[in-house]
Structure formats: C-alpha cells, structure tokens
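To start, the structure itself, in structure tokens.
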Amino acid sequence: MSLIPDDVIEQVRDAADIVGIIGEHVELKRTGADYRAPCPFHGGTHRNFAVIPRKGMYYCFVCHEGGDVFTFFMKKLGMDYPTAVREVARRVGITIPERGPTGPDPREPLYEAVAAAADWFARQLRDSPEAQVARDYLASRHLELEVVLPLGLGYAPRSNALLDAMKGLGVRDAVLLEAGLLVKREDGTLLPRLRGRLLFPIHDLRARVVAFGGRILGEGEPKYLNSPDSPVFHKGKLLYNLHVAKHAMRKAERAILVEGYFDVLRLSLAGIEEVVAPLGTALTPEQAQLLQRHAPHVTLLYDSDDAGLRATFRASDELLRQGLRVSVATLPPGEDPDTLVQKRGAAGLEPILKDAVDPLERKIQILDRKAFFSSLPGRRRALDRLLPTIRAAKDPVTRDLYLARVAEAAGVRAGTLENELVALPARPLALGPSAPTAGPQEFPSNAEKALLLLMLVSDEWKSRVLAVVDAENFVFSPYRAVFEALADGRPDVLDGVSARVLESLQGETLGDRSADETFEKAIDWIDGDRKTREITRIKREMTVAPEGDKARLLGEIKTLAAERNAIRPTWGVVETARRRGAPGT
C-alpha cells in the first residue's frame with residue numbers, strides 16, 4: 001500500500017465531521033460545546049463518552065479510549081491507519097493521490113511500540129499506587145486527574161515494569177531500544193529511559209505519539225528529559241501540541257509560543273487552544289517553518305527573566321527569518337503563563353497578549369531602560385544587539401521599518417546601518433549536518449574561549465560575563481551555542497560539536513592567569529575586534545561616499561584605531577598574524 005502525503009492527511013482530518021461520523025455508531029447528545037453518549041467501546045449505559053469537535057477528538061472517561069476520527073475507525077472497525085484515512089477521505093469527497101514507495105511503512109513497529117507504551121504509562125498514572133506521587137504533584141499544580149487523562153499524560157515507574165509489560169504485548173526489546181524507550185548499559189542490560197517521571201506524550205502531525213517528555217518527581221537531574229531522536233521522532237522538527245493547536249491556529253490566524261509543557265497544558269485547559277511549545281531546546285528553523293505553515297502571526301509568551309528574554313529574542317529572530325509577523329508579550333515579574341492563568345484565568349492573560357509589541361521594539365525598550373542610549377559606547381553596544389534582529393527580517397517592509405526605528409533610537413543614519421548589514425551578513429546559527437566534525441585540536445584558543453572558561457568558574461563570574469557580552473560577540477558558532485546554553489542554565493540541550501566543546505572546556509582551567517586578568521584581556525580583545533569591524537565597515541563606506549564626507553569618515557577611522565590601539569598597543573601586529581593564519585591567535 002502506498003504512503004499518503006502528510007498534507008493530504010491533514011486536509012482529510014480537517015474536512016471530516018467527527019460528530020457526524022461517530023454519530024453513525026452511537027446516539028450523541030449535545031452538552032454545551034461537546035457531545036455525549038454511552039461509550040461504544042466498553043458498552044456503558046451512562047453518557048461518559050465525549051466527542052469534542054473543536055479539538056477533533058473523542059474520549060471516554062470510564063474506559064479511557066480516545067483519539068481522532070482515524071483512531072475511531074481503527075479501534076471500532078479494526079482498520080489499519082491508511083485504510084482509515086482512505087475511508088474518511090471517501091466520505092468527505094477527497095481523492096487520495098498515490099505515491100511510493102509501496103509496501104508497509106518500515107517504521108510501523110516503532111509507532112506501535114510507542115503507542116503501546118503511551119497507553120501503559122497512562123494506566124500507571126491512573127491506577128498505580130507508585131504513581132500517587134505524580135497524582136499529588138498534579139494536584140499541587142491545581143490539575144485534576146480527570147482533566148489531564150484525556151490529554152494522554154502518564155507516569156513512568158522507577159522499576160523495570162515497562163519491559164515486562166511490553167514483553168507481555170509481544171513488543172521486542174530491539175524495537176523498544178530503537179524507539180528510544182530503553183537504554184542499554186555498558187554491561188548490556190536494558191533499562192527504561194524514563195523512570196520516576198510524569199510523562200507528556202509528544203505527537204507528530206498525524207496525531208501519533210512518537211516520544212515523551214518527562215518531568216522528574218522529587219530530587220534528580222535533569223528536571224526535564226525527552227525521548228532521544230529516533231526514526232519516528234526528531235525533537236527539532238516537532239512542536240508540542242501542534243497536532244491539536246493547528247486547527248485553532250488557522251482559525252485565530254495566530255500561534256502562541258510558550259516554553260514548557262505545563263504552560264501549554266494550562267492555556268489549553270483555559271480555552272486558549274492555539275498554543276504550542278518547543279521540545280526543551282531553542283526554537284529551530286524547522287519549527288519556525290512549521291509555525292509559518294499554520295499561522296501568519298506568532299506571539300511569544302516566554303518568562304520575563306533574563307534567560308526568558310534571551311530565549312524570546314533568539315526565537316523571534318528565527319521566526320522573522322521565515323517572514324512571520326512576531327509579537328512579544330511581557331508577563332508580570334515572577335509569573336509564567338502557567339501560574340498567571342492559574343490565578344487569573346484566560347481573561348487575565350488576554351490584556352497581556354493584546355499589549356504584545358514587536359520584538360525589535362521590546363529590545364529597544366529594555367536597552368533604553370538600561371541607559372544604553374545615554375553614551376556613545378552604549379549606543380554602539382545597543383546596535384550590536386539590535387542589528388541581528390534587523391538582519392533576520394525577511395520581509396522587506398519590516399526590514400525598512402526596523403532600520404528607520406533603530407536609526408532614530410541610536411541617533412545614526414539609516415544608510416549607515418544598512419551598510420553595516422551588508423558588510424556583516426547573517427551568521428549561521430549552527431554547524432549544518434554536513435559540516436566536518438571538529439576535533440579538540442580545532443577548538444580555537446581565544447577571547448571567546450576564555451570567557452566561557454570564566455562562566456564555568458562560578459555563578460558570580462557567569463553573571464559578570466553576561467553583563468557585558470552577548471551571543472553576537474561570539475564568532476565561532478560552537479562557542480556561541482555553549483554561551484547561550486550556559487546563559488540559560490541549560491547545558492543539557494547541547495549536542496554534536498557544541499557538546500564536545502563544553503566537555504573539553506570543563507576539563508580545562510584558566511592556568512596561571514587570574515580570573516580578573518583573563519576577564520579584562522578577553523573583554524579588551526572583543527572590544528578591539530568590534531572596533532576593527534567598524535573600521536572595515538567605514539572603509540567600505542568611504543569607497544562610495546561623496547568627497548565631502550570622506551574627511552569625516554577618515555577622522556572616525558583614526559579615532560577608532562586610536563581607541564583600539566590604546567586597548568592593545570600590539571593590536572596591528574597580532575591582527576596581521578591572525579589574518580595570515582598564525583597559530584594560537
């Protein structure tokens with residue numbers, strides 16, 4: 001049987017009248033916005049079976065069967081997934097285009113294994129005495145079990161009970177291992193990857209469970225742990241709750257992006273359904289593209305602390321690169337979306353969403369509050385923080401508006417800013433998958449590395465570095481990724497080259513030089529490097545400047561060069577050596 005394109009499956013699901021289809025098998029009675037009936041699966045007589053058309057799903061509060069219109073056909077009539085899609089498509093008049101390859105999907109055993117595990121985890125949360133700690137934790141967050149069970153939450157015991165349960169269902173260990181449900185120790189023994197955790201199911205766009213996010217209960221690290229990437233799950237290519245939220249996003253013509261699982265849960269339960277979250281990492285280009293497919297506008301609703309603001313602006317730049325309209329909502333100090341909606345309800349969040357501002361404007365507000373625009377060096381540092389957002393704007397009108405606004409705020413000409421954008425094109429955010437693997441000897445010893453080593457010395461030193469440096473000061477992209485992860489307190493999100501860089505740094509020290517001396521020299525070097533880039537930019541501007549402006553520009557170059565050489569008299573010698581590739585520079 002040939003595969004069915006994902007976009008066609010979405011089209012069929014959107015077009016399906018789930019109330020009409022399920023109503024052919026059971027008598028539904030309207031109750032508010034939902035429909036109720038006796039359950040067609042366990043044969044009850046009370047109306048414990050709910051069909052929720054706005055979410056395109058059904059759920060029984062007694063036997064806990066639930067799913068979408070395709071799942072109903074599969075469980076009620078014994079169809080496989082492709083047959084169920086074709087049957088619903090026939091009913092709504094959509095033709096399924098055929099495409100190869102033919103034959104069953106080789107990943108089907110993985111989907112079945114994760115689905116079986118999801119059902120088992122949900123039963124543990126509902127019935128297991130050991131899961132009382134999870135039920136108590138949900139109660140402490142004012143979440144009732146009957147409310148979260150339809151959303152598929154579960155509990156992973158601390159024991160190896162998952163292995164026995166899956167073995168009883170005929171699921172092979174090799175399949176569980178490939179699906180990321182098990183880990184293999186060095187001695188070859190197998191253990192459940194997620195243990196002692198409250199689990200959130202992660203779905204793909206077809207509404208299939210493909211992975212889990214687990215919140216530790218009690219002491220332990222990391223606080224949150226996701227399933228690893230597998231043939232059916234790539235954490236940078238999915239968003240939590242998108243399988244449900246995409247319908248509301250299209251209707252509302254906006255998406256609300258939050259940071260965590262509980263934020264999504266709380267807003268969804270409050271009736272704000274167009275809400276999604278990344279899966280424990282910074283927003284990726286693939287996730288931004290997913291949002292762009294379903295809504296023209298994204299409102300970022302992250303925490304308002306320093307780490308939340310850094311994550312907000314990284315995400316906003318990624319969304320601007322996809323041509324999306326972006327707004328930043330500002331939460332009251334000490335609140336996150338979960339706690340605020342818990343206290344004030346959806347009505348309390350609506351004014352905050354309404355008052356959301358453009359990300360560039362939010363940056364300018366913060367910089368102005370910190371008095372960056374009150375001095376010439378401060379203005380230069382402010383531009384270093386604002387230029388990446390201008391550069392990220394794909395929409396030409398937005399880009400022009402950004403140039404005019406920053407020119408006004410910083411007191412520079414828009415043409416000068418535009419020349420700088422041309423002189424300094426956007427840097428790649430990470431090494432691509434085809435980039436050569438860096439070995440330890442390839443990690444440069446420079447000011448960027450010195451600042452990272454200082455951040456690893458203590459929280460006090462990390463705060464000192466963060467006060468004067470931001471990610472744009474890091475040219476070497478793995479160092480930049482490590483800086484952002486340390487700044488956010490999330491070194492666990494690093495992978496690939498960046499993870500090896502951090503591991504290498506953790507094995508090093510500052511050597512004989514004191515921390516204060518290292519800090520001063522590193523900051524001087526970065527400041528001098530910035531002045532060198534500014535000199536380069538002005539030199540380019542001089543080549544096309546009118547004769548009357550050249551004397552002024554030459555004066556600016558001399559001033560910058562004098563400031564740079566005052567920082568480091570041997571700068572010219574070292575810079576020449578660096579351009580020639582001398583080792584250790």
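Sort through SER268, SER316, SER327 and tell me the only one that's in contact with a strand residue (DSSP E or B) (Cβ under 7 Å, 6 or more places away or on another chain), outside any helix (DSSP H, G or I), polar (S, T, N, Q) and at negative phi. Give the steps one after another, and end with the answer.
Numbers: SER268 fails: outside any helix (DSSP H, G or I); SER316 fails: outside any helix (DSSP H, G or I).
Of the residues listed, the single one that is in contact with a strand residue (DSSP E or B) (Cβ under 7 Å, 6 or more places away or on another chain), outside any helix (DSSP H, G or I), polar (S, T, N, Q) and at negative phi is SER327.
If GLY236 satisfies every condition in (1) touching a residue at least 40 places away in the same chain (Cβ under 8 Å); (2) out of contact with any Ser or Thr (no Cβ under 7 Å at 6 or more places or on another chain); (3) not aliphatic (A, V, I, L, M) but one, which is the exception?
GLY236 satisfies all of (1) touching a residue at least 40 places away in the same chain (Cβ under 8 Å); (2) out of contact with any Ser or Thr (no Cβ under 7 Å at 6 or more places or on another chain); (3) not aliphatic (A, V, I, L, M) except (2).
Kindly check whether there is at least one residue in the range 249-267 that is under 20 Å from VAL114 (Cα atoms), of a type in the set (Ser, Thr, Tyr) and not assigned by TED's automatic domain parsing to the domain that holds ALA131.
So in the range 249-267, the residues under 20 Å from VAL114 (Cα atoms) come out as 261.
Going one step further and asking which of them are of a type in the set (Ser, Thr, Tyr), we end up with 261.
Those left that are additionally not assigned by TED's automatic domain parsing to the domain that holds ALA131: 261.
There is at least one residue in the range 249-267 that is under 20 Å from VAL114 (Cα atoms), of a type in the set (Ser, Thr, Tyr) and not assigned by TED's automatic domain parsing to the domain that holds ALA131.
Is at least one residue of the range 30-49 within 27 Å of LEU269 (Cα to Cα), touching a Phe, Trp or Tyr at 6+ places or on another chain (Cβ under 6 Å), in contact (Cβ under 8 Å) with a residue 40 or more places away in the chain and surrounded by 17 or more Cβ atoms within 10 Å (Cβ to Cβ)? Full working, then the answer.
Quick first cut of the range 30-49, residues within 27 Å of LEU269 (Cα to Cα) only: 30-42, 44, 46-49.
Still in the running and touching a Phe, Trp or Tyr at 6+ places or on another chain (Cβ under 6 Å): 37, 39, 48.
Still in the list and also in contact (Cβ under 8 Å) with a residue 40 or more places away in the chain: none.
Among the residues of the range 30-49, not one is within 27 Å of LEU269 (Cα to Cα), touching a Phe, Trp or Tyr at 6+ places or on another chain (Cβ under 6 Å), in contact (Cβ under 8 Å) with a residue 40 or more places away in the chain and surrounded by 17 or more Cβ atoms within 10 Å (Cβ to Cβ), which makes the answer no.
Kindly indicate whether VAL326 is more than 24 Å from ARG490 (Cα to Cα), modelled with pLDDT of 95 or more and either in contact with a Gly (Cβ under 7 Å, 6 or more places away or on another chain) or surrounded by fewer than 23 Cβ atoms within 10 Å (Cβ to Cβ) (or both).
Details: more than 24 Å from ARG490 (Cα to Cα): yes; modelled with pLDDT of 95 or more: yes; either in contact with a Gly (Cβ under 7 Å, 6 or more places away or on another chain) or surrounded by fewer than 23 Cβ atoms within 10 Å (Cβ to Cβ) (or both): no.
Here the answer is no, as VAL326 does not meet what is asked.
Take GLU274 and decide whether it is in contact (Cβ under 8 Å) with a residue 60 or more places away in the chain and either within 30 Å of GLU130 (Cβ to Cβ) or in contact with a strand residue (DSSP E or B) (Cβ under 6 Å, 6 or more places away or on another chain) (or both). Walk me through it before giving the result.
Numbers: in contact (Cβ under 8 Å) with a residue 60 or more places away in the chain: no; either within 30 Å of GLU130 (Cβ to Cβ) or in contact with a strand residue (DSSP E or B) (Cβ under 6 Å, 6 or more places away or on another chain) (or both): yes.
When the stated conditions are applied, GLU274 does not pass them.
Picking from LEU163, LEU199, which residue would you name as being more than 28 Å from the chain's Cα centre (by Cα) and either in a strand (DSSP E or B) or surrounded by fewer than 19 Cβ atoms within 10 Å (Cβ to Cβ) (or both)? Walk me through it before giving the result.
Working: LEU199 fails: more than 28 Å from the chain's Cα centre (by Cα).
Among LEU163, LEU199, only LEU163 is more than 28 Å from the chain's Cα centre (by Cα) and either in a strand (DSSP E or B) or surrounded by fewer than 19 Cβ atoms within 10 Å (Cβ to Cβ) (or both).
Kindly evaluate GLY180 against the criterion of being crowded, with 20+ Cβ neighbours inside 10 Å, at pLDDT 95 or above and assigned to a strand (DSSP E or B).
Values: crowded, with 20+ Cβ neighbours inside 10 Å: yes; at pLDDT 95 or above: yes; assigned to a strand (DSSP E or B): no.
So GLY180 does not fit the description; no.
Being surrounded by 12 or more Cβ atoms within 10 Å (Cβ to Cβ), aliphatic (A, V, I, L, M) and over 30 Å from GLU460 (Cβ atoms) is the filter here; which residues of the range 510-561 pass it?
Scanning the range 510-561 gives ILE535, ILE538, MET542, ALA545, LEU553, LEU554, ILE557, LEU560, ALA561.
Got at least one residue in the range 51-65 being among the small types (Gly, Ala, Ser), crowded, with 18+ Cβ neighbours inside 10 Å, within 35 Å of the chain's Cα centre (by Cα) and under 23 Å from ASP127 (Cβ atoms)? Walk me through it before giving the result.
Of the residues in the range 51-65, the ones among the small types (Gly, Ala, Ser) are 56.
Next, from what is left, pick out any that are crowded, with 18+ Cβ neighbours inside 10 Å: 56.
When the remaining residues are screened for being within 35 Å of the chain's Cα centre (by Cα), the result is 56.
Pick out the ones that are also under 23 Å from ASP127 (Cβ atoms) and you get none.
No.
Can you run down the residue pairs with Cβ atoms below 7 Å, 6 or more apart or on separate chains, where the first is in the range 541-565 and under 19 Å from LEU376 (Cβ atoms) and the partner is assigned to a helix (DSSP H, G or I) and among the polar types (S, T, N, Q)?
Every condition considered, the pairs that remain are GLU541/ASN419; ARG564/THR532.
Is it true that VAL574 is at pLDDT below 50 and in the same structural domain as PHE476 (by TED's automatic domain parsing)? I'd like the intermediate steps shown before the answer.
Details: at pLDDT below 50: yes; in the same structural domain as PHE476 (by TED's automatic domain parsing): yes.
Yes; evaluated as a whole, the condition is true for this residue.
The values are calculated or read from the model by the stated rules, or taken from the named source; none is laboratory data. Predicted model, so just to flag it, every value in this text is computed and none were measured. Glycine also receives a Cβ, built like all others from the backbone with ideal geometry; neighbour counts cover every protein chain displayed.
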